[in-house]
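Student: I'd like to ask you about the structure that follows.
The values are calculated or read from the model by the stated rules, or taken from the named source; none is laboratory data. Every value quoted in this text rests on a predicted model; they were computed, and no experiment measured them. Cβ placement follows ideal geometry from the backbone for every residue including glycine, while neighbour counts extend to all protein chains displayed. Surface accessibility is based on the protein's heavy atoms, side chains included, excluding ligands, DNA and RNA. Shrake-Rupley method; radii C 1.70, N 1.55, O 1.52, S 1.80 Å.
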Amino acid sequence: MRVGAYELKLEKRVALAGWEATIISILAIVFALALFSILFILAGVHPLSAYREILAYAFVNSYGLPLTVNRFIFLLLCTSAFIIPLRARLWNIGMTGQFYAGALGAFAVLLAFGGKALPPPHLPPALVIPLMVTAAALSGAVLGAIAGFLKGRFNVNEIVVTMLLNFILYWLVAHMIKEGGPFMNPGGRGESFELPPSVYAPLIAGTPFTILLALGAAVFLHFLFAKSRLGYQIKAHGHSPAAARYAGISTFKIPFLVFVMGGVLAGLAGYHYFAAVPGVYKIARNYGYFGDLAFYGIICGLISLGNPLAAIPIALLFGGLSVGGRYVQGKLDMGFGVDYALLGVLMITLVAFQFFYRYRMVWMKTRRETVSVDGNLP
Amino acid sequence: MHKGLLEGIKRGETVIEARGITKRFPGVVANDHIDFEIRAGEIHAVLGENGAGKTTLMNILFGLLQPDEGEIYIGGQRVNFRSPLDAIDLGIGMVHQHRKLVSAHTVIENIILGHPKAGRILNLKKAEEEIAELCEKYGFKVDLRAKIWQLSEGEKQAVEILKTLYRGARVLILDEPTSALTPSETRKLLASIEAMARDELAIVPFITHKLPIVLAISDRVTVLRRGRVVSCQQTECATEKSLAREMVGREVIFRIERARVERGNPILQVENLSARSDKGFLALRGASFSIHEGEILGLAGISGNGQQELAEVLAGLRKAEGGRVIFEGQDITDASVLQRWQMGIGYIPSERTEVGSIGDFSLVENVAMNFYFDERFCRQGIVDYGKLQQLTEEIVSEYGVAAPSPVIKAKNLSGGNLQRLILARVLSRKPRLLIANLPTQGLDVGATEFVQNKLMQAKKEKAAILLISEDLDEILSVSDRVAPIYEGELMGILPAEEAMRETIGAMMAGLRSEGGEP
Ligand SMILES: Nc1ncnc2c1ncn2[C@@H]1O[C@H](COP(=O)(O)OP(=O)(O)OP(=O)(O)O)[C@@H](O)[C@H]1O
Ligand SMILES: [Mg+2]
């Protein structure tokens with residue numbers, strides 16, 4: 001493009017500073033919201049008031065905010081679960097399955113302690129809650145380990161394996177909670193039995209303690225990649241498996257470990273959503289909805305470029321918009337799924353804006369006498 | 001449209017002229033007001049130390065990089081390249097230091113790929129005829145239907161050249177065209193280059209350290225040092241010594257002093273070792289030899305005769321098919337790569353960008369490749385990056401790696417500087433056994449001398465060294481004993497000082513020695 005004696009050029013960036021990435025992301029979000037306004041206008045809604053409603057419900061309203069926070073915890077765990085293998089250039093598409101596995105693991109502990117009985121028995125929380133958390137983490141880990149093992153030992157494509165496991169686990173959950181299934185609700189409502197109140201997850205200022213697990217995991221991962229030997233090995237394997245092998249890094253251990261670690265975090269998300277969020281406390285009938293939501297971990301992970309700390313605000317934003325979007329849809333009586341549409345537009349713009357992570361625009365002065373080889377390439 | 005700028009140009013007329021080209025990267029001026037000119041029909045060599053700015057200059061002439069200052073004239077007209085497409089359009093072709101072919105495709109497909117005409121109706125048959133004609137004319141021998149992965153390095157090089165010629169290049173820029181080629185392939189390439197020059201093509205081959213080649217084929221030579229032109233002269237007026245002096249800025253001694261070291265205990269014993277290549281055939285067959293403390297064993301041979309496989313088996317990167325490897329009395333045939341590093345084995349791989357380094361890692365992280373497991377730099381699973389940075393700074397200055405800072409990415413280093421970094425990193429581990437696979441490939445004369453001296457120093461410090469090289473002069477002047485290898489078999493082992501060049505050359509071609517002790 002040319003204006004007067006100046007020409008707009010794209011130049012490859014030599015390096016991208018953290019603040020540059022932040023500014024680009026913020027611009028992308030603003031751009032996405034502006035773009036999405038068109039949909040509001042078409043639906044006859046004033047975009048600014050719609051956004052005000054969304055944000056107010058998601059981040060201020062006393063009903064909306066806890067919903068947002070719980071989604072945020074869930075999304076952050078799924079995002080971290082995606083990021084760990086991503087840094088080894090492996091794709092964990094299996095957070096959904098690992099999340100289901102985590103939920104099943106936690107409820108299996110309850111079942112073992114007779115938590116299914118009616119009226120709900122009193123279970124010792126100091127024993128049962130840690131066991132549930134551990135079981136959720138382990139179940140997720142086992143699922144991750146399958147993909148990691150097949151990748152590391154036989155180089156089986158991890159995307160295919162994790163996807164297949166998602167389906168298997170979806171049906172396994174259905175089997176467990178259906179009529180006659182081991183986890184069935186005595187009322188037979190197509191959901192699992194309920195958590196005895198004695199082992200409800202402790203709340204910190206109304207928020208499940210799992211928020212500490214999610215934030216702690218993000219900080220831990222940041223540290224892992226910045227300082228630790230394992231983080232170094234993962235990154236080296238991610239950039240070049242051949243070079244990593246030369247350096248003595250096991251091409252089996254790394255895929256295996258990253259999937260186990262990812263599985264642990266996605267498994268914890270299963271504990272969080274079905275055993276720690278107030279008002280849920282069971283494997284809900286619409287568990288598939290949350291399974292789908294787990295896929296947003298992929299988007300959040302990609303947008304944050306695999307940076308575990310950057311994932312925190314992004315997961316918060318996505319959690320909030322999904323809650324607020326669903327709310328305005330009902331409130332303003334809109335005819336389409338505002339939450340999914342909004343997240344979709346946001347996702348596409350953020351990914352498109354990543355172009356500017358690699359290129360930047362510069363104005364170059366062009367001289368008059370220059371012969372330029374203009375657009376008529378054959 | 002300016003396609004015609006080079007039409008009708010005659011021998012001796014200026015084809016490309018660059019004036020005052022300047023290119024800065026963070027921390028370095030890679031090109032500093034360079035004036036440079038190429039004429040039709042000439043072979044113009046550009047020489048310079050590693051990091052002198054040769055690749056940068058050529059990338060600018062090819063439109064891959066934009067100069068910060070300076071002008072480019074083609075056929076007398078000022079031009080402004082926005083991308084290589086513009087340069088290709090004007091008849092400039094470039095073959096890069098690192099090849100960029102699609103290995104699963106055939107030669108023809110690669111040549112046509114990305115051709116401006118490829119989008120239109122494709123007449124493969126006609127294209128094949130045209131390409132065959134080019135081959136005929138310039139003496140390239142390539143099977144056009146073969147897949148790229150089946151080709152040797154020399155044939156791949158030919159395909160790259162054909163690709164640019166087929167797009168109508170009148171100026172051919174070759175960045176280090178011979179560094180990955182065997183001597184006989186080099187000879188063939190040079191013959192083709194001369195044939196092309198007779199055809200009024202201007203050619204700029206880039207040769208960093210093979211000065212004899214420069215002297216043999218070029219008409220003019222430009223020497224760069226630290227981004228500046230230090231001389232531009234008719235090749236007849238130059239000698240190997242004068243060029244080396246201009247490049248490095250000091251006198252270069254071409255013979256290196258062989259260190260006298262008492263031969264100690266055997267460090268490495270290899271017994272009847274065999275290994276398969278990636279393609280599955282037996283590439284190394286029953287090799288047996290030993291290397292002692294303070295000894296350099298030179299493995300002489302044309303690339304592809306099993307050296308790579310041997311090096312990889314010793315480094316633990318490839319499984320042995322049969323035989324044993326004994327290191328300091330211990331059987332390590334099945335030891336892991338990491339165990340070998342920790343025991344004191346060091347490996348300098350020949351594939352420096354794919355295996356020896358990680359382009360997106362900083363220099364510090366690249367140095368960490370050989371130290372992340374080392375107690376001194378990593379405690380309780382925490383890597384001490386501060387200390388590693390210190391080490392990096394030390395070895396960067398000791399080995400003269402031209403880099404503005406230790407935190408730049410390795411992919412921003414020039415080819416030779418990357419090689420120095422890898423060498424420096426491995427040698428600073430002070431390995432007991434060093435496997436050096438083509439350690440001086442792509443290095444300038446000064447750096448080659450430097451590396452050979454470093455090998456000597458390691459030898460004085462009682463290391464056992466396996467030096468793999470195609471350069472017979474290097475092998476003969478550096479090593480204590482020479483083992484020529486041919487089709488995966490050692491042809492014998494001779495003391496280097498008494499060995500006749502001709503004998504070794506014959507053994508490299510498959511003739512077995514009579515009295516060689518194993
Ligand atoms: N993309 C880049 N970013 C930063 N610095 C760069 C980049 N490319 C090259 N350099 C620096 O510019 C200098 C010149 O590099 P160049 O690749 O032109 O050298 P060269 O003469 O081709 O050397 P060699 O013989 O080793 O290939 C080097 O110091 C290098 O580190
Ligand atoms: Mg170069």
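Student: Restricting things to Cα coordinates, could you compute the convex hull volume per residue of chain B in Å³?
Tutor: Numbers: hull volume 80.6 nm³, N = 518.
Roughly 156 Å³ of hull volume per residue.
Student: If I ignore ligands, DNA and RNA and count only protein heavy atoms, how much of A:TRP91 is accessible to a 1.4 Å probe, in Å² to the nearest 10?
Tutor: 90
Student: How compact is the stretch B:353-428 by the rule of thumb for globular proteins, expressed as Cα Rg over 2.2 N^0.38 Å?
Tutor: Dividing the Cα radius of gyration by 2.2 N^0.38 Å gives 1.00.
Student: With chain A treated as a Gaussian network of Cα nodes joined by springs under 10 Å, which of A:SER25, A:SER322, A:SER62 yields the largest mean-square fluctuation?
Tutor: Result for chain A, Cα springs under 10 Å: A:SER62 fluctuates most.
Student: Using the basic label-point model (7 angstrom from Cα toward the beta carbon), what is the B:LYS241 to B:GLU489 distance in nanometres?
Tutor: 4.5
Student: If you average the alpha carbon positions of the stretch A:57-76 and of the stretch B:1-80, how far apart do those two centres end up, in angstrom?
Tutor: 60
Student: Which one, B:THR186, B:GLY442, B:GLY505, is farthest towards the positive end of the dipole of chain B when Lys and Arg carry +1 and Asp and Glu -1 on their Cβ?
Tutor: Checked the options; the winner is B:GLY442.
Student: Still on this model: Any idea which of A:ALA315, B:LEU299, A:ASN185 is furthest toward the positive side of the dipole for the protein assembly as shown, if Lys and Arg beta-carbons carry +1 and Asp and Glu beta-carbons -1?
Tutor: Positive-end residue among those listed: A:ASN185.
Student: A follow-up question, please. Need one number: nm distance between label points at B:MET500 and B:ASN265, each 7 Å from Cα along Cα→Cβ, rounded to one decimal.
Tutor: 3.9
Student: Compute the FRET efficiency between A:VAL219 and A:THR22 as 1/(1 + (r/R0)^6), taking r as their Cβ-Cβ distance and R0 = 25 Å, and round to the nearest 0.05.
Tutor: My answer for the efficiency is 0.85.
Student: So how tilted is helix B:153-166 from the main axis of chain B? Cα-based, degrees 0 to 90, rounded to 10.
Tutor: 10
Student: Can you give the log10 of the normalised intensity I(q)/I(0) at q = 0.17 Å⁻¹, computed with Debye over equal Cα scatterers of the stretch B:323-381?
Tutor: Treating every Cα as an identical point scatterer, log10 I(q)/I(0) equals -0.72.
Student: Within a Cβ distance under 11 Å of B:PHE327, other residues only, what is the Lys/Arg minus Asp/Glu net charge?
Tutor: So the environment of B:PHE327 carries a net charge of +1.
Student: Related question: Calculate the translational D of the stretch B:176-232 in whole µm² s⁻¹ from Stokes-Einstein, where the hydrodynamic radius comes from the Kirkwood formula applied to all Cα pairs, the temperature is 20 °C and the viscosity 1.002 mPa s.
Tutor: In µm²/s, the coefficient is 174.
Student: Tell me the accessible surface of A:ARG153 in square angstrom (1.4 angstrom probe, heavy atoms of protein chains only), to the nearest ten.
Tutor: 130
Student: Across every pair of different alpha-carbon atoms, what Kirkwood hydrodynamic radius in Å does the protein assembly as shown reach? Could the numbers behind the result be given before it?
Tutor: On the way: mean 1/r = 0.0319 Å⁻¹.
Here the Kirkwood hydrodynamic radius works out to 31.3 Å.
Student: Along its three principal axes, how long is the stretch A:1-96 when you only count alpha carbons? Whole Å, largest extent first please.
Tutor: For the stretch A:1-96, the Cα extents along the three principal axes come out at 57, 46, 23 Å.
Student: A further question follows. Please compute the Kirkwood hydrodynamic radius of the stretch A:62-329 from all pairs of different C-alpha atoms, in Å with one decimal.
Tutor: That comes to 18.5 Å for the stretch A:62-329.
Student: How large is the charge dipole for the stretch B:418-508, taken about the Cα centre, if only the Cβ atoms of Lys, Arg (+1) and Asp, Glu (-1) carry charge, to the nearest 20 debye?
Tutor: So the magnitude is around 800 debye.
Student: Let me ask you something else. In terms of the Cα gyration tensor, with a ≥ b ≥ c the square roots of its eigenvalues, is the stretch A:231-299 rounded because a/c is under 1.5, prolate because a/b exceeds b/c, or oblate?
Tutor: Judged from the Cα gyration tensor, the stretch A:231-299 comes out prolate (a/c at least 1.5, a/b above b/c).
Student: Ratio of alpha-carbon Rg to the 2.2 N^0.38 Å globular estimate for the stretch A:188-245, to two decimals, please.
Tutor: 1.91
Student: Given the C-alpha centroids of the stretch B:210-278 and the stretch A:172-191, what is the distance between them in whole angstrom?
Tutor: With the stretch B:210-278 and the stretch A:172-191 each reduced to a Cα centre, they are spaced 77 Å.
Student: Please calculate the 1.4 Å probe accessible area of A:LYS227, with all protein chains present, and give it to the nearest 10 Å².
Tutor: Accessible area, nearest 10 Å²: 100 Å².
Student: Here is a follow-up. For the stretch A:205-358, with the dipole built from +1 on Lys and Arg beta-carbon atoms and -1 on Asp and Glu ones, taken about the Cα centre, which of A:LEU332, A:SER250, A:GLY262 lies farthest toward the positive end?
Tutor: Towards the positive end, the residue furthest out is A:SER250.
Student: Another question, if that's okay. Going by alpha carbons, how many degrees (0 to 90, nearest 10) lie between the helix axis of A:210-227 and the longest principal axis of chain A?
Tutor: 50
Student: How about the stretch A:120-217: which GluC sites (Glu not before Pro) there lie in a loop by DSSP and see at most 15 other Cβ atoms within 10 Å?
Tutor: Loop-located and lightly packed - A:GLU179.
Student: Looking only at Cα atoms, what is the convex hull volume of the stretch A:149-194 per residue, in Å³?
Tutor: Values: hull volume 3.7 nm³, N = 46.
Considering the Cα atoms of the stretch A:149-194, their hull volume per residue is 80 Å³.
Student: Here's another thing I want to ask about it. Ranked by accessible surface with a 1.4 Å probe, highest first, in what order do B:VAL229, A:VAL199, A:VAL260 come? Don't jump to the answer; show the numbers that get you there.
Tutor: Details: B:VAL229 55, A:VAL199 0, A:VAL260 30 Å².
If we order B:VAL229, A:VAL199, A:VAL260 from most to least accessible, we get B:VAL229, A:VAL260, A:VAL199.
Student: Between the stretch A:98-171 and the stretch B:323-366, what is the separation of their alpha carbon centroids in Å?
Tutor: The stretch A:98-171 and the stretch B:323-366 have Cα centres separated by 39 Å.
Student: Here's another thing I want to ask about it. Which whole-number percent of Cα pairs in the stretch B:225-304 have a distance greater than 15 Å?
Tutor: Percentage above 15 Å: 76.
Student: Then there's this: Hey, what angle do you get for helix B:415-427 against the long axis of chain B, alpha-carbon based, 0 to 90 degrees rounded to 10?
Tutor: So the inclination is approximately 10 degrees.
Student: Filter B:LYS100/B:LYS319; B:LYS387/B:LYS459; B:LYS279/B:LYS409; A:LYS12/B:LYS409; B:LYS125/B:LYS156; B:LYS100/B:LYS147 down to the pairs with a C-alpha to C-alpha distance above 25 Å, please.
Tutor: Exceeds cut-off: B:LYS100/B:LYS319; B:LYS387/B:LYS459; B:LYS279/B:LYS409.
Student: Please give the charge dipole size of the stretch A:66-196, origin at the Cα centre, charges +1 on K and R Cβ atoms and -1 on D and E Cβ atoms. Round to the nearest 20 debye.
Tutor: 340
Student: Give the share of C-alpha pairs in each 5 angstrom bin for the stretch B:14-248, from 0 to the last occupied bin, in whole percents, shortest bins first.
Tutor: All Cα pairs considered, the percentages come to 1, 7, 14, 18, 20, 17, 12, 7, 3, 1, 0.
Student: Separate question: What does the charge dipole of the protein assembly as shown about its Cα centre add up to, to the nearest 20 debye, if the Cβ of each Lys and Arg holds +1 and the Cβ of each Asp and Glu holds -1?
Tutor: Working: 91 positive and 84 negative charges, 446 e Å.
So the dipole magnitude of the protein assembly as shown works out to roughly 2140 debye.
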